[in-house]
Amino acid sequence: MKSSFSLAALAFSATKVVAFPSSMFHVDISEEEKRSIAGIAATIEAGAKNKRAGTPLAPGFSASQQYVSTTGEYAFVAPGPTDLRGPCPGLNAMANHGYIPHNGVATITQFIQGTYDVVFGMGLDLATFLAVYGAVFDGDLTSWSIGGPPPAGLLSSIGLLGTPQGISGSHNKYESDVSPTRPDLYEYGNDYKVILSQFEQLYSSPLGPNGYDLTTLTPFRASRFQQSIDNNPHFFNGPFSGVAVQPAAYTFIYRFMSNKSAEYPEGYLDGDVLKSFFSITGEPGNFTWTEGNERIPDNWYKRAIGDEYTIPYFNVDLLAAALEYPQFLDVGGNTGTVNTFTGVDLQNVTGGVYDLSTLAQGDNALCFAYQFAQQAAPDILKGLFSSITPPLSKLNSALASVFSELSCPQLEAIDTAQFANYPGSTGSY
């Protein structure tokens with residue numbers, strides 16, 4: 001009951017976030033990128049004004065506006081030997097259908113246009129932050145790889161101390177433990193190859209009223225969380241990677257992959273669509289995963305125009321899950337052996353600004369995750385760029401746009417020394 005109530009409140013509140021805040025365009029990106037993003041927003045906002053008649057809980061459905069083509073220039077093309085694919089099935093599918101460059105390296109604008117306008121209906125606020133964040137931590141400030149390190153020459157080398165590692169090399173920055181189908185890095189030695197037993201577990205989970213919806217995915221996440229405690233001696237539920245990235249890996253499956261229709265305007269996610277997006281063929285007990293071959297299903301429809309999945313929308317999904325499973329907000333991890341999960345004292349980490357009880361209130365969990373990312377950034381960026389001023393400026397402007405949508409207490413500093421007992425809290429490779 002708690003979950004369904006929270007999701008109903010979420011759907012109502014999210015419909016109020018239709019106009020796209022002008023602060024999004026204060027993000028520190030090029031004038032060309034700003035013009036492109038502004039054009040995308042203007043088109044979507046104009047469509048939203050005529051989107052639907054009905055209650056806020058009924059997104060409506062327009063086949064012509066929501067259809068995502070998988071034919072012609074957008075027909076599936078398997079990746080070649082030098083094309084990059086990684087742990088995100090949605091981004092892999094976009095590359096395979098040409099909605100971002102087929103080689104798997106895209107610009108900030110291409111990521112935003114693909115996820116927000118064309119394929120999924122991600123909110124402009126969320127799409128912009130994720131695209132900028134990836135460019136800062138996984139790329140060259142303008143582009144980044146959806147897989148591992150790109151071949152020489154694909155990214156600018158100006159100011160870089162080495163080759164950007166892409167999303168596959170961003171453990172505890174962009175990628176996290178407790179993936180639905182991918183492995184924990186320190187348990188398997190990689191974070192991007194599908195573990196078929198995990199997919200089998202997801203596929204066999206009891207379906208909710210909308211198929212593999214959040215009533216299915218949230219308990220599955222709780223099971224995966226415990227599996228990491230039981231099997232990964234270096235499991236770490238980090239302030240950003242655990243509190244914010246981990247839930248997104250689950251909510252994004254239903255919110256973006258479910259097929260929208262007049263019967264199911266909020267989406268229905270069945271097994272065939274799930275298998276297509278995760279590059280799985282066969283039947284239970286005999287599944288096969290083909291690496292990098294994720295597909296957008298034929299006859300598939302994205303989120304309704306004006307019902308984009310924004311940061312406030314995501315925040316209520318995050319809290320609904322945490323109300324049901326409080327351990328999701330328990331920052332900490334195993335201490336070098338399995339089943340040694342110990343939570344960190346958040347008051348010591350944040351100078352008394354947050355504790356475990358207040359983290360589940362209002363915007364606090366998401367505020368803490370983003371504030372931690374901001375506070376930790378200078379130390380991380382020192383290892384990536386010869387000067388941290390440009391990447392830090394870009395990140396801070398993107399975060400300022402995020403914070404304008406949230407009510408956050410002031411966090412002056414974080415004490416990362418509190419994570420010293422968690423070997424899994426350190427970098428990626």
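Laboratory data are not the source of any read-out in this text; all were calculated from the coordinates shown. All figures in this text were calculated on a predicted structure; none of them were measured in a lab. Please note: Cβ atoms are built from the backbone with ideal geometry, for glycine as well, and neighbour counts cover all protein chains shown.
Under 5 Å between amide H atoms, partner at least 5 residues away or on a different chain: which partners does ASP363 have, H built in plane at 1.01 Å?
Placed amide hydrogens put SER407 under 5 Å from ASP363.
Sequence-distant or interchain residues sharing an amide H contact under 5 Å with TRP300, placed H: which?
Distant-sequence amide H within range of TRP300: VAL68.
For segment 285-345, state which trypsin sites (Lys or Arg not before Pro) are in a DSSP loop and have at most 16 other beta carbons lying within 10 Å of their beta carbon.
Taking segment 285-345 and a limit of 16 other Cβ atoms within 10 Å, no loop trypsin sites (Lys or Arg not before Pro) are found.
At a 10 Å Cβ-Cβ cut-off, how would you order CYS408, CYS88, fewest neighbours first?
Arranged by neighbour count, lowest to highest, CYS408, CYS88 become CYS408, CYS88.
Can you list the HN-Hα couplings for segment 141-156, worked out from phi with the Karplus curve (6.51, -1.76, 1.60; θ = phi - 60°), rounded to whole Hz and with x for Gly and Pro?
5, 10, 9, 7, 9, 7, x, x, x, x, x, 4, x, 7, 10, 5
Taking every DSSP beta bridge that has both residues in the chain, what percent is antiparallel when rounded to the nearest 5?
Antiparallel: roughly 85 percent of the beta bridges in the chain.
In the chain, which longest range has no GluC sites (Glu not before Pro) that are both DSSP loop (not H, G, I, E or B) and surrounded by at most 16 other Cβ atoms within 10 Å?
Values: sites that count: GLU263, GLU291, GLU412.
Between the exposed loop sites, the longest stretch runs 1-262.
Which ³J(HN,Hα) values in Hz, rounded to whole numbers, follow from the phi angles of segment 271-278 under the Karplus curve 6.51 cos²θ - 1.76 cosθ + 1.60, where θ = phi - 60° and Gly and Pro get x?
Values per residue, Gly and Pro as x: x, 5, 5, 4, 5, 4, 5, 9 Hz.
Which order results if SER401, SER176, SER393 are arranged by neighbouring Cβ count within 10 Å, fewest first?
SER393, SER401, SER176
I need the Kirkwood Rh of segment 311-429: take the reciprocal of the average 1/r across all distinct C-alpha pairs and report it in angstrom.
With all distinct Cα pairs of segment 311-429 included, I get 15.6 Å.
Please list the radius of gyration and Dmax for segment 237-359, considering alpha-carbon atoms only, with Å as the unit.
Both quantities, over Cα of segment 237-359: 18.5, 52 Å.
As a check on your grasp of the helix formula, calculate [θ] at 222 nm for the chain: sum -39500 (n - 2.57) over DSSP H runs of n ≥ 4, divide by the residue count, round to the nearest 500.
Helix-only estimate at 222 nm: -12000 deg cm²/dmol.
Could you pull out every residue, at least 5 positions away or on a different chain, whose amide H is within less than 5 Å of the one on TYR309? Hs are placed 1.01 Å off N in the peptide plane, and Pro or chain starts have none.
MET122, GLY123
Stick to the Cα atoms of segment 367-429, pair each with every other, and give me the Kirkwood hydrodynamic radius in Å at one decimal.
Over segment 367-429, the inverse of the mean reciprocal pair distance is 13.1 Å.
Can you tell me the dipole magnitude for segment 2-425 around its Cα centre, using point charges on the Cβ only (Lys, Arg +1; Asp, Glu -1), in Debye to the nearest 20? Kindly include the intermediate steps, with their values, before the conclusion.
Details: 21 positive and 39 negative charges, 113 e Å.
Taking the Cα centre of segment 2-425 as origin, the dipole is about 540 debye.
How compact is the chain by the rule of thumb for globular proteins, expressed as Cα Rg over 2.2 N^0.38 Å?
Output field value: 0.91.
Please list 3J(HN,Hα) in residue order for segment 337-353, calculated via the Karplus relation 6.51 cos²θ - 1.76 cosθ + 1.60 where θ = phi - 60°; whole Hz, with x for glycine and proline.
9, 5, 6, 10, 4, 9, x, 7, 7, 5, 5, 5, 5, 10, x, x, 6
Which of the pairs LYS193/LYS382; LYS173/LYS302; LYS173/LYS394 have their Cα atoms more than 18 Å apart in this structure? Kindly include the intermediate steps, with their values, before the conclusion.
Details: LYS193/LYS382 29 Å; LYS173/LYS302 28 Å; LYS173/LYS394 16 Å.
Over 18 Å Cα-Cα: LYS193/LYS382; LYS173/LYS302.
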